[in-house]
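Report on one structure; see the data block that follows.
The values are calculated or read from the model by the stated rules, or taken from the named source; none is laboratory data. As the structure is a prediction and not an experimental result, all values here were calculated from the model. Because the Cβ atoms are built from the backbone with ideal geometry, glycine has one as well, and the counts that use them run over all protein chains shown. Keep in mind that these areas ignore ligands, DNA and RNA; they rest on the heavy atoms of the full protein, side chains included. Shrake-Rupley method; radii C 1.70, N 1.55, O 1.52, S 1.80 Å.
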Amino acid sequence: TSAARAATQHLQLRPGTECALALALLHVIIGEGLHDADFVARHCTGFAELAEHVLAFPPEWAAPITRVPAQDIIAAARALATTKPASLLWGNGIDTSVNAFQTGRALLLLMAVTGNLDVPGGMVHWVPPPDIRCKSPLENKKVLGMHLLSPDRKARMIGAGRFPFGPGCHQPSFWQACVSGEPYRPRAVWLVGTNPMLTATRGDVVEAALRDHVEFSVVSDLFLTPTAQLADLVLPAAHWLEQDDVVYFHKLWCVLARRKLARGPDSGEARDDRAVILDLAHRLGLDEAFPWPDWNAYLNWLLEPSGMDFRAFAEKGLVLGPMRYRKHETDGFPTSSGKVELVSSVMAGAGRPPLPVYVEPPQSPVSAPDVAAAYPFILMSGCKVLPFFHSEGRQIDTLRRLRPEPRVAVHPDALARLGLVDGDPVRVVSPHGQA
């Protein structure tokens, strides 16, 4: 990748083994005494248990798993621990892996033991603007509305109990339930701005569910996507240029004003999805969860503590939070102990490993060598390609002309072994299907 080409050191690991790499990095940093002893002593709990835990994961253990040489792991660990400040950046490659939760914990433990939490240039916790109600579930869990569900409703949620840290229905299990009827068959679905036939696990299962099993399906979108083509009802969604909004999602350090700039040719039909949600909620009697009469009232409620209405906020355009670093020095961390729990009491209470563990991906060359013998390549899906964003943009002619055909990237050595050259048509086959 462009980042790897520019790097001082490139750890070219086997896909899905990032947690093993992180555990080996912790082994070196703690074993060689390179951790930030002051930060650990003052602001962490469970360091002795973590140190004992990672004894079992030396670089020599991780090397055959990750395919990264042990000496490279050692060099990276020393660089990470002795370079201040340091931070880690990751995205979908880790977020959507089978062991994403434990991998994320292991990476944050690396930042904790090296003293890189909430310091300038490290892994900072942004301060949101204090006078605007926060609608991000990263800051306010009540935004998800789970507290309004009865225990019986929560217990009926598909995937309940299997995924204690998943806030909602488990999506692959949902689509499988539509087809199999286990534990029950969902009868209706409303898909807002999403195209799961192309972006979810097992698009063939999603297709079968929508085509043959779900009794009523609604899709809100800008385009007639493959998913929308199977819907009973398609709602034309307003583009973000056709919306008024207080934009507060991942941008926790600021709040942005989004002012409606355009009305499309069919603006009489296209509506903001959130306005539709409010209307439907009121028809269903869900007034406790949705107490605002309309979308404008909701926006003004968000802004109420600031003394601004939406018009005044839109003229201001941007509101910043009063950022300060090392908040743990005075406020502690948001845990029961007020410290970074290297051994997680929350995980332990849910019957999950309180320290990160590595899980080998299913159907990998290690976990399923018989499958690997028949299917020798590791498939990574979901890679982002210009000029598109995820599955978006393919219905726009000017963008589609830049990349009219789907492509698969293969290592040059493997390409040569197969006798193929760039641009050849190929069929990609897995135990689950083909394209």
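Before moving on, here are some points about what is shown:
- Test: residue in region 401-411 that is under 20 Å from the mean Cα position of the chain (by Cα) and open to solvent by 90 Å² or more (accessible area, probe 1.4 Å): no
- Flag if Tyr325 is in a loop (DSSP other than H, G, I, E, B), surrounded by 14 or more Cβ atoms within 10 Å (Cβ to Cβ) and more than 23 Å from the chain's Cα centre (by Cα): yes
- Cβ pairs under 8 Å, 6+ apart, first in region 344-371 and over 24 Å from Leu26 (Cα atoms) and in contact (Cβ under 8 Å) with a residue 12 or more places away in the chain, second of a type in the set (Val, Ile, Thr) and open to solvent by 60 Å² or more (accessible area, probe 1.4 Å): Pro362/Val98; Ser364/Ile378; Pro365/Ile378
- Leading residue by the ranking (nearest to Leu280 (Cα to Cα)) among those in region 171-181 that are open to solvent by 40 Å² or more (accessible area, probe 1.4 Å) and touching a residue at least 24 places away in the same chain (Cβ under 8 Å): Gln171
- Search result, residues across region 163-184 that are closer than 18 Å to Ser217 by Cβ and under 14 Å from the mean Cα position of the chain (by Cα): Gln171
- Residues that are part of a loop (DSSP other than H, G, I, E, B), of a type outside the set (Phe, Trp, Tyr) and closer than 24 Å to Gly16 by Cβ, drawn from region 87-135: Ser87, Leu88, Leu89, Gly91, Thr96, Ser97, Val98, Asn99
- Qualifying position, being of a type in the set (S, T, N, Q), modelled with pLDDT of 95 or more and either part of a helix (DSSP H, G or I) or surrounded by fewer than 17 Cβ atoms within 10 Å (Cβ to Cβ) (or both), among Thr330, Thr335: Thr330
- Test result for Ala51, touching a residue at least 12 places away in the same chain (Cβ under 8 Å), assigned to a helix (DSSP H, G or I) and closer than 27 Å to Thr1 by Cα: no
- Any hit, region 390-398, residues being without any contact (Cβ under 8 Å) to a residue 24 or more places away in the chain, basic (Lys, Arg), surrounded by 14 or more Cβ atoms within 10 Å (Cβ to Cβ) and closer than 26 Å to Leu420 by Cα: no
- Number of positions in region 205-245 that are of a type outside the set (S, T, N, Q), open to solvent by 70 Å² or more (accessible area, probe 1.4 Å) and closer than 24 Å to His432 by Cβ: 2
Yes or no, residue by residue, for (1) farther than 26 Å from Asp118 by Cα; (2) of a type in the set (Asp, Glu); (3) free of Cβ contacts under 8 Å to residues at least 24 places away in the same chain; (4) open to solvent by 70 Å² or more (accessible area, probe 1.4 Å):
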position: Arg14; (1), (2), (3), (4): yes, no, no, no
position: Glu32; (1), (2), (3), (4): no, yes, no, yes
position: Gly46; (1), (2), (3), (4): no, no, no, no
position: Ile65; (1), (2), (3), (4): yes, no, no, no
position: Ala76; (1), (2), (3), (4): no, no, no, no
position: Leu80; (1), (2), (3), (4): no, no, no, no
position: Lys84; (1), (2), (3), (4): no, no, no, yes
position: Gly93; (1), (2), (3), (4): no, no, no, no
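- Candidates in region 374-389 are the residues that are closer than 14 Å to Thr199 by Cβ and in contact with a helix residue (DSSP H, G or I) (Cβ under 7 Å, 6 or more places away or on another chain); of these, the one that is surrounded by the most Cβ atoms within 10 Å (Cβ to Cβ) is Phe388.
- Count of region 339-359 residues which are assigned to a loop (DSSP other than H, G, I, E, B) and out of contact with any helix residue (DSSP H, G or I) (no Cβ under 8 Å at 6 or more places or on another chain): 3
Yes or no, residue by residue, for (1) open to solvent by 80 Å² or more (accessible area, probe 1.4 Å); (2) touching a Lys or Arg at 6+ places or on another chain (Cβ under 9 Å):
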{"site": "Lys135", "(1), (2)": "no, no"}
{"site": "Asn140", "(1), (2)": "no, yes"}
{"site": "Leu149", "(1), (2)": "no, no"}
{"site": "Arg156", "(1), (2)": "yes, no"}
{"site": "Phe163", "(1), (2)": "no, no"}
{"site": "Cys169", "(1), (2)": "no, no"}
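- Filtering region 23-44 to residues that are under 27 Å from the mean Cα position of the chain (by Cα) and over 15 Å from Tyr358 (Cβ atoms) leaves only Cys44.
- Considering only residues in region 182-202 that are out of contact with any strand residue (DSSP E or B) (no Cβ under 6 Å at 6 or more places or on another chain) and open to solvent by less than 20 Å² (accessible area, probe 1.4 Å), the one that is farthest from Val234 (Cα to Cα) turns out to be Pro186.
- Yes/no for Thr8 being exposed (fewer than 13 other Cβ atoms within 10 Å of the Cβ), over 27 Å from the mean Cα position of the chain (by Cα) and closer than 30 Å to Gly382 by Cα: yes
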